[in-house]
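To start, the structure under review is shown below, and the notes come after it.
Each reported figure results from applying straightforward, stated rules to the coordinates on display, with no laboratory input. Quick caveat: nothing in here was measured; it's all calculated off a predicted structure. Cβ: placed from backbone, ideal geometry, glycine included. Neighbour counts: every protein chain shown.
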Amino acid sequence: MKDSILQEFKDVADILQGWEAGKKAIGFDEVLTWVRARGMVIAFRGDASKIENLAFKTAMMSNKNHVLDLSLQKIFGFEDVWPIRRLNERWTIHVVGVKDGAEKKLTSPEALLGEVLDAVEVAAFNYVERCGIKISKVWVTIMPSEGCPWEEGTAVTRHYNARNKAVGSCQAPDWTTEITFRDDHGEWAEGVVGADLCRIVPTMKADPGGSVMVRDPSKNIDFMVTHAFGFSRSGIGWREISEFINRCGGLLFPSLAVSQLPAATIGEVFFVIDPLVVLQGLRPYYSGQDRWPAILYTADAWTETIGTFITDAAVITYEQLTGQWNPGASKTKHFYILGPMVGYSKGDKDGGSRIEDTETLSEVMKHRSDVWDRNLSKREVMRLANSNTVDMYPYLEAKVNGIVCVDAIVACVVPTFMMGEVGKMLDAIGFNGELLPIELTPDEERAVDGKTNLGVDLGILYKYSWRVYDAVSRFARSTGRIETLRFYSPFIQEQLRF
């Protein structure tokens with residue numbers, strides 16, 4: 001196929017590949033360029049986690065002494081640009097502005113991500129214009145390393161990679177899907193192209209006969225990892241749930257309760273998940289070589305819902321992976337290839353607390369188990385649930401940055417009056433774990449059944465939660481499928497030996 005990329009476009013990419021201040025601010029590894037509608041596209045591509053932490057976390061970049069302005073314009077050869085210096089109150093000279101050169105200037109000491117990308121656009125446009133090339137526009141985007149440039153309506157999109165000085169090609173992606181969603185103006189848009197996240201995010205595998213519970217010998221506590229759901233509460237039945245699980249190959253970005261107790265206010269049926277799905281996101285289980293497989297919070301966390309992942313997030317991901325995304329104008333500064341956005345815990349006065357190691361998990365779990373004592377009265381349960389503190393939930397929440405496969409569901413706890421529907425769903429998804437039915441009294445059924453007034457009696461719901469724990473604990477102990485919590489600290493490990 002003929003190379004249709006102008007040499008001047010390649011020169012722009014080569015110039016930006018050497019923009020060290022930009023690499024430090026954005027975190028990209030390589031610069032790509034390709035043709036679009038009588039213009040050129042520039043993409044800064046690199047490791048999604050690195051770019052997320054540098055460019056997206058605050059969407060602000062250090063521009064102290066106008067280092068980004070000056071370095072950008074100098075690499076493009078604007079020799080007339082020069083810094084405006086002043087003497088401050090400490091009798092030191094610092095740069096307060098930029099004179100001449102390309103007309104786009106950045107704020108200092110920090111500049112918005114959108115400002116920086118606009119400055120790149122202006123500098124590149126002026127450079128190409130000075131070379132005698134007439135173009136209509138320059139687009140600047142940021143791509144994760146998984147992305148590959150593709151222009152809609154083309155079979156193949158050719159692009160130049162300034163890092164390896166080579167021209168490559170990308171075909172139309174095979175992971176797209178058409179969706180319907182509400183746009184920024186509140187209007188429904190149909191047939192919009194989006195990314196099917198089920199086909200591009202990693203799957204968390206599990207070994208046969210995996211662990212059912214975790215034993216923390218340092219605090220003498222056992223706890224479990226569960227996913228709660230109910231058919232009636234969401235207005236979705238077992239057929240819809242099983243169809244989505246089968247199409248996705250498991251649970252997409254699920255929220256998991258990590259505790260002695262499940263999230264019974266969310267649903268009355270509980271998948272018990274192999275705890276290594278969560279533990280692999282904590283040190284010392286976490287290898288540190290890959291992206292975080294799961295993020296654990298001190299309490300229930302505000303993150304996106306499954307509805308977002310199959311609509312808005314799907315559109316954004318498609319744009320990010322194909323080079324169509326405008327990160328400066330986007331409200332969402334996040335690569336969904338990494339999973340849900342990092343959230344914050346409800347009730348956490350510090351704005352959210354993430355747990356990254358087993359030592360912290362052990363301390364938080366011990367505190368939570370002391371607060372949510374097994375013998376709490378209904379009044380005490382209600383007081384805690386309405387406390388608006390980090391202790392308002394008996395569980396910690398983990399958000400999985402991928403798909404939890406069905407084999408990682410080691411057990412399912414279900415009230416006996418729901419065995420019919422739940423059994424059909426489990427058969428439909430190929431569930432091979434242990435079914436743990438719980439017989440309830442009529443009063444308990446009314447308290448936990450989503451078709452009635454769920455949560456009207458938090459006291460009964462709390463007792464039901466402990467019955468779930470007991471059922472899982474009996475199964476775990478009878479089979480010996482218990483993971484003994486490992487610690488990074490040699491001191492803690494030594495103490496546990498005695």
* To do: Determine, for Phe271, Phe431, the number of other Cβ atoms within 10 Å of each Cβ, and report the residues in order from fewest to most.
  => Phe431, Phe271
* Asked: What length, rounded to one decimal in nm, is gained on full extension from Asp427 through to Thr441, with 0.36 nm per residue of separation minus their alpha-carbon distance?
  -> 2.4 nm
* Asked: Which entries of Lys205/Lys399; Lys205/Lys366; Lys10/Lys57; Lys205/Lys424 show an alpha-carbon separation above 20 angstrom in the structure shown?
  -> Lys205/Lys366; Lys10/Lys57; Lys205/Lys424
* Evaluate the relative contact order of the chain (contact order divided by residue number), counting alpha-carbon pairs under 8 angstrom at least 6 apart; express in whole percent. => 17
* Label-point separation (nm) for Ile482 and Lys378, each offset 7 Å from Cα along Cα-to-Cβ? -> 3.4
* Just going by the charge dipole of the chain, with Lys and Arg at +1 and Asp and Glu at -1 on Cβ, which of Tyr464, Thr484, Asn432 is farthest out on the positive end? -> Thr484
* Please compute the net charge surrounding Thr441, taking Lys and Arg as +1 and Asp and Glu as -1 over other residues with Cβ under 15 Å from its Cβ. => -4
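Using Cβ counts within 10 Å as a stand-in for footprinting exposure, how do Phe335, Phe78 rank, fewest first?
Phe78, Phe335
To the nearest 0.05, how large is the calculated FRET efficiency for Glu356 and Gln7 if R₀ is 51 Å and r is the Cβ-Cβ distance?
Given R0 = 51 Å and the Cβ-Cβ separation, E is 0.60.
Enumerate the helices in the chain for which the Kyte-Doolittle hydropathy averages -1.0 or more and the C-alpha atoms extend at least 30 Å along the helix's axis, using complete DSSP H runs.
Once both thresholds are applied, what remains is 458-479.
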* Structure fact -> Between Lys64 and Glu190, the FRET efficiency computed from the C-beta separation at R0 = 51 Å comes out, to the nearest 0.05, as 0.60
* Asked: Arranged by the count of other C-beta atoms within 10 angstrom, fewest first, what order do Leu251, Leu282 take?
  -> Leu282, Leu251
* Work the Kirkwood hydrodynamic radius out for region 115-207: mean of 1/r over every pair of different alpha-carbon atoms, inverted, in Å. => 17.0
* Counting DSSP beta bridges in the chain, what percent are antiparallel, to the nearest 5? -> 75
* What is the spin-label model distance, in nm, from Thr180 to Asp370 if the labels are put 7 Å beyond Cα along the C-beta direction? -> 5.4
* In whole Å, largest first, what are the principal axis extents of the Cα atoms in the chain? => 82, 59, 43
* Mind pulling the per residue volume of the convex hull built on the Cα atoms of region 377-475? Å³ is fine. => 133
* Would you mind calculating the gained length between Lys57 and Thr107 on full extension (0.36 nm times residue separation, minus the Cα-Cα distance), in nm to one decimal? => 16.1 nm
* Asked: Which value, in debye to the nearest 20, describes the size of the charge dipole of the chain about its Cα centre when Lys and Arg Cβ atoms bear +1, Asp and Glu Cβ atoms bear -1, and nothing else is charged?
  -> 900
* Structure fact -> Taking only C-alpha positions in region 235-315, Rg and Dmax in angstrom work out to 14.4, 41
* Hey, what number do you get for the chain at 222 nm if only DSSP H runs of n ≥ 4 count, each worth -39500 (n - 2.57), divided across all residues, to the nearest 500? -> -8500 deg cm²/dmol
* Volume per residue of the C-alpha convex hull in region 275-394, rounded to whole Å³ -> 143
* Gln171: net charge of surrounding residues, Cβ under 14 Å, Lys/Arg +1, Asp/Glu -1, itself excluded? -> -2
